[in-house]
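Enquirer: The structure's right below; bear with me while I get my questions together.
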Amino acid sequence: MAGLALLLLALAPAHAADGAVAEPDDYRMENFKAPTPPTLKGARVVDTPAAEALWRQKGALFVDVLPRDVKPANLAPGTVWRDKPRDDIPGSVWLANVGYGVLNAEMDGYFRRSLEEITGGRREAPLLFYCLTDCWMSWNAARRALTYGYTAVIWYPAGSDGWAAAGLPLERATPRP
């Protein structure tokens, strides 16, 4: 019985003493829509007023990393497929699908090239990553940008949900090719 209890404890999500989700040592690999930690080592974490100030001052490049739905391969012939619309923070670049725990070589290359292009090769350019509230995709993507050598990484955990809840504008987005 004690062994089972230890196993269940080891498999349970880590929480800090105050009930907050503890920052993991590696990328989140599954269950991406779940409470996130309040921190990200090496990055600045901002709330909605701070994100809004950066947006109004053009103090950071805003990077939306919400995954894009993929058309199912087994749709019946004649089935109409429509991408789910995405509204993000105006002026953002939508780099869809770069927040998974593991990126294949193609997606990793896309993420690296996109960051290089939007920053003009400046590793010190402020990059603000977001997704939705309780979305590990933005945490993973911001962490990965740090490993790529970007030094001014900002994580906005409230994401477009928190932005919209504050009555701030959103605009229809399309993923960066």
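The values are calculated or read from the model by the stated rules, or taken from the named source; none is laboratory data. Keep in mind it's a predicted model, so treat the numbers as computed, not measured. Every residue, glycine as well, gets a Cβ built from its backbone with ideal geometry; the counts of neighbours run over all protein chains shown. The accessibility values were calculated without ligands, DNA or RNA, using every heavy atom of the protein model including side chains. Shrake-Rupley method; radii C 1.70, N 1.55, O 1.52, S 1.80 Å.
Enquirer: Quick check: convex hull over the Cα atoms of segment 113-163, volume per residue in Å³, rounded to an integer?
Expert: On the way: hull volume 3.4 nm³, N = 51.
Hull volume normalised by residue count: 66 Å³.
Enquirer: Could you size up the charge dipole of the chain around its Cα centre, putting +1 on the beta carbon of Lys and Arg and -1 on that of Asp and Glu, and report it in debye to the nearest 20?
Expert: Details: 19 positive and 20 negative charges, 83 e Å.
Its charge dipole is roughly 400 debye.
Enquirer: Roughly speaking, to the nearest percent, how much of segment 56-177's 1.4 Å accessible area is carbon and sulfur?
Expert: Details: 3150 of 6040 Å².
Taking all protein chains in place, segment 56-177 shows 52 percent carbon and sulfur surface.
Enquirer: May I ask you to compute the full-extension gain from A53 to M107, defined as 0.36 nm times their residue separation minus their alpha-carbon distance, rounded to one decimal in nm? Display every interim value, and only then the final one.
Expert: Details: separation 54, 0.36 × 54 = 19.44 nm, distance 3.10 nm.
My answer for the length gained is 16.3 nm.
Enquirer: OK, next. Show the residues, 5+ positions off or on another chain, whose built amide H is closer than 5 Å to the amide H of W155.
Expert: R44, V45, V46, F129
Enquirer: Expressed as a rounded percentage, what relative contact order does the chain have, with Cα pairs under 8 Å and six or more residues apart? The partial results should precede the final answer.
Expert: Working: 292 pairs, mean separation 52.3, N = 177.
Reported as a whole number, the value is 30 percent.
Enquirer: Average projected area of the Cα convex hull of segment 93-177, in nm²? Provide the component values of the computation, followed by the final result.
Expert: Numbers: hull surface 22.1 nm².
About 5.5 nm², averaged over all directions.
Enquirer: Just from the alpha-carbon atoms, what are the Rg and Dmax of segment 134-173 in angstroms?
Expert: 12.2, 34
Enquirer: Further, regarding this structure: Once both labels are modelled 7 Å past Cα along the beta-carbon direction, what's the E117-V70 spacing in nm?
Expert: So the label points at E117 and V70 sit 2.1 nm apart.
Enquirer: Treating the Cα atoms of the chain as identical point scatterers in vacuum, please give the log10 of the normalised Debye intensity I(q)/I(0) at q = 0.12 Å⁻¹, two decimals.
Expert: Evaluating at q = 0.12 Å⁻¹ gives log10 I(q)/I(0) of -0.59.
Enquirer: Residue by residue through segment 117-132, what is 3J(HN,Hα) from phi via Karplus (6.51 cos²θ - 1.76 cosθ + 1.60, θ = phi - 60°)? Round to whole Hz and write x for glycine and proline.
Expert: 3J(HN,Hα) across segment 117-132, in whole Hz: 6, 6, 9, x, x, 8, 5, 8, 5, x, 10, 9, 9, 8, 8, 10.
Enquirer: Report the normalised scattering of segment 42-147 as log10 I(q)/I(0) at q = 0.18, 0.20, 0.23 Å⁻¹, calculated by the Debye formula with identical scatterers on the alpha carbons.
Expert: For the requested q values the scattering log ratios are -0.92, -1.10, -1.39.
Enquirer: Right, here's the next one. To the nearest 500 deg cm²/dmol, what mean residue ellipticity at 222 nm is calculated for the chain from DSSP H runs of n ≥ 4 alone, each contributing -39,500 (n - 2.57), summed and divided by the residues?
Expert: Estimated from H runs of four or more residues: -9000 deg cm²/dmol.
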